[in-house]
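Single-structure report; data block below.
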Amino acid sequence: HAAAEACLRRRQLFGATCEPPPTDEVDHALAELGTGLAFVSAYPDGVPVAASGRALREPTVFVIWRGIPLAGLPLRVETDRTDSLALDHFVSDAHGQARITLADGVPMASLRLVIDGDAMLGPFGKAAPNTEIRLEPRTVALGRWALLVASRGAEEASDPAATVVQARLRAAGLGDPRSLAPRDTEALRAAPPDRIGSRLATIADAMSGRIDLLLVLSCETRFAGGKSGGRMWYEAEGTLEARDAWTGAVRARVEAKVKADDVSDERADAAARRKLGEALAADLLAALRNAGPR
């Protein structure tokens, strides 16, 4: 193609006659590239943005050729809002990643990432593969949430307080909770208080945007005395906080302390936990509504 380009230039500049060399081999290589090439977004459901439209992460695409990261591929970004871009031409890096740099303070617009044929093949740019991907902004919302019971060894599925919190959030229209991988659950439980935020943000990226909000439930119960008729009283105390998955910041935090009774220690403990879950869920939903969009 370089020789064919030189021939074309000689014709244009000097009216020289020449026959461009055959490009069958290069054409075949380009066809092979296009057949095995794929663009994969780091955030398949959309790039997370705040209510203001500010992107919480750089739009990122993995350039893959037959399952292998492809470095050095010239790329171009197209958008109706050119002022939203800091750079519109670049190449995939050594890991096959293409990170789109956005302009500071400008809401993210719909983007289209394509192969930069001109940079790749000069005047024969139209022969470049037509692989492309669209990247859309997605405003983060309360509907993508997960619940973590802070106590080590605790299970969200069996903890009465957690079960009630999940049910109340479903009833409020937040949908079903997303599942955290066991390794992510343990990593969050093991994190010191000042490291939970950064660890959560890393997990949000690894989950490709499947969660926007993490609820962290802490609960303790204690025997609060007996009662005539053989009923036992238990006291439950705890907190429920909502953390922004992309920044790790606490969006809302509530606490409560309740008592409940039943005919046995085990049942009274469970009753106190359920009552605590009810109180915490109601207060958290109110706090999130008052906080408004992030």
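Values computed for the structure shown
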{"quantity": "Enumeration of residues in the stretch 80-95 that are surrounded by 15 or more Cβ atoms within 10 Å (Cβ to Cβ) and within 23 Å of the chain's Cα centre (by Cα)", "calculated": "Ser84, Leu85, Ser92"}
{"quantity": "The stretch 192-248, subset basic (Lys, Arg) and part of a strand (DSSP E or B), residue farthest from Arg274 (Cα to Cα)", "calculated": "Arg243"}
{"quantity": "Matching residues, the stretch 206-240, being charged (D, E, K, R), open to solvent by 30 Å² or more (accessible area, probe 1.4 Å) and touching a residue at least 40 places away in the same chain (Cβ under 8 Å)", "calculated": "Arg210"}
{"quantity": "Meets criteria (of a type in the set (Lys, Arg) and either in a loop (DSSP other than H, G, I, E, B) or under 21 Å from Ala204 (Cα atoms) (or both)) for Arg138", "calculated": "yes"}
{"quantity": "Only one of Ala150, Ala167 that is aliphatic (A, V, I, L, M) and modelled with pLDDT under 95", "calculated": "Ala150"}
{"quantity": "Some residue of the stretch 53-74 being over 30 Å from Cys219 (Cβ atoms) and in a helix (DSSP H, G or I)", "calculated": "no"}
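Condition check ((1) at pLDDT below 95; (2) on the phi > 0 side of the Ramachandran plot; (3) open to solvent by 60 Å² or more (accessible area, probe 1.4 Å)) across all residues:
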| residue | (1), (2), (3) |
| --- | --- |
| Ser52 | yes, no, yes |
| Ala55 | no, no, no |
| Gly67 | yes, yes, yes |
| Gln97 | no, no, no |
| Pro129 | yes, no, no |
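The values are calculated or read from the model by the stated rules, or taken from the named source; none is laboratory data. Predicted, not measured: the structure shown is a model, and the values here were computed from it. Every residue, glycine among them, receives a Cβ derived from its backbone with ideal geometry; neighbour counts consider all protein chains shown. For the accessible areas, the whole protein counts, side chains as well, though only heavy atoms, and no ligand, DNA or RNA atoms are used. Shrake-Rupley method; radii C 1.70, N 1.55, O 1.52, S 1.80 Å.
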